[in-house]
1. Can you name every residue in region 27-75 that is of a type in the set (Lys, Arg), surrounded by 13 or more Cβ atoms within 10 Å (Cβ to Cβ) and assigned to a loop (DSSP other than H, G, I, E, B)?
2. Would you please name the residue that is nearest to the chain's Cα centre (by Cα), looking only at residues in region 49-75 that are in contact (Cβ under 8 Å) with a residue 40 or more places away in the chain and under 16 Å from Asp30 (Cβ atoms)?
Amino acid sequence: MPKEATVSEPVKGPKSYFPSIEAKYGKSIDEWIAELRAVAGQKHMDQVQFLKDQGMGHGHANALVHVFRAEHDGA
């Protein structure tokens, strides 16, 4: 049985960038995921470039695309 996350456990991996992405770029993660749907099925780096073209930094874009592809894009 998988261990459930608790409030005291820090978020790890790409999702650890989510609070700073929301603060820096003024959109929620759900809003960014909705925008990425426009490029669903494209290559990872094309999706990263899509976000960079909207002013997002490479590291933040890469983290968001990683989660999008794992949880929403089916790629």
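Coordinate-derived values only; no laboratory data. Being a predicted model, the structure only gives us computed values, none of them experimental. Cβ coordinates were reconstructed from backbone atoms using ideal geometry, including for glycine residues, and neighbour counts include every protein chain displayed.
1. Once the filter is applied, which keeps residues that are of a type in the set (Lys, Arg), surrounded by 13 or more Cβ atoms within 10 Å (Cβ to Cβ) and assigned to a loop (DSSP other than H, G, I, E, B), region 27-75 yields only Lys27.
2. Among those residues, the one meeting the criterion is Leu64.
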